[in-house]
1. Grab the other residues whose beta carbon is less than 12 angstrom from that of residue 123, score K and R as +1, D and E as -1, and report the net.
2. Report the FRET efficiency, 1/(1 + (r/R0)^6), for residue 203 and residue 116, where r is their Cβ-Cβ distance and R0 is 41 Å, rounded to 0.05.
3. Which residues does the label zone of residue 270 cover in the range 189-213, counting backbone N under 18 Å from a point 7 Å along Cα→Cβ?
4. Modelled label-to-label distance, residue 125 and residue 174, 7 Å Cα→beta-carbon offset: nm?
5. Given labels modelled 7 Å from the Cα in the Cβ direction, how far is it in nm from residue 291 to residue 148?
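No lab work stands behind these numbers, since they all come straight from the coordinates. Predicted model, so just to flag it, every value in this text is computed and none were measured. FYI the Cβ positions are ideal-geometry reconstructions off the backbone, even for glycines, and counts take in every protein chain you see.
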Amino acid sequence: MKSDAARGTAYLDDFVLSLAGELDARVFVLGCEPGCRMEVVLLAASVPGAAKRRPSLSLRELKIRDVLHGDLVVLEDEPVFAGDRFPGGPARSCAAHPLNDADGRIIGAIVAMWEQPGSRARDCVPVLHESGPRVAAEVESLLLAAESARFEQRCRLVSEVTHALLQSRPSREQLESAMEIVCARMDVDAASLRTVDDGELELVSCAGIPPAQRVPRLPANQGIAREIMASHRPLTIEYVPNHPATAPKVEARPGSFQFQSFAGAPLMSDGVVTGILGVYTTGHTRVFTPADLGQLQILANFFALSLLNRDLFEAINRHLVEVHQSRLARQGAAE
């Protein structure tokens, strides 16, 4: 027996193919990413294989972006977007109809596109409007299923990371494994762990950042770091290139690791920030939700505890070595 999500996916797949044939258009069904203003997931597409992995898309630079504010968008003779932002290539005309849930919130859109200009975009609006309620119901069901899956991933993330870190002395390999788990379970492209050392943030471990773009040390009193160090609270930046604290750095460091969105949480010890755990998206922007930030802070707390245990273990070992050497020196002097 098919699950509700599987039935919903099958319905949307049939819907876009049927509507594409009726309108002689490329047809897409989009669902809003939770907490994101301009990010959508491609739930169904008439272009073969386009929605197989439900890729995320940014509408930030597209002329249909107003559909996520509840507006009907009709373009009859102008480029909808540049390049291959949607499967199937560029388009010269388009109709985009918003989808609302039972409470009137925007949860997605139906989009029809044509390569050539023409009046078909406006003519198809009644068809999109009539299809809206049923499609919206299926989209809402799929988004709820996806959110449930994310919650399960959060639970697995905390379990897997704590299992990797609850060691008396976590090795470099264990830390790298934990960072890879963070990337996979939080669905981000990269993650980094830095600790405060002599007024700078030293890179302890990371995942997803090319070796040539890893910066061993960063100032702790500039940019993103300064905000987290001052507030002692998690921070998220949806679009880093435009943020006042980060835009100058992006321009000043060509060839460095570039990212679109960021979320970070402080490592705390006795009310003092001892480091920062950061996660990044590179191919698209993302709004990290309060649940994401809460989870990130929990992970930062575990990293802080694990690194503190490591430092204490190493300090005790150094002390024992010093005591042993002192005893040997005293014995040698006595002889």
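1. -1
2. Efficiency, from the Cβ-Cβ distance: 0.20.
3. 196-199
4. For the pair residue 125/residue 174, the computed spacing is 6.3 nm.
5. 1.2
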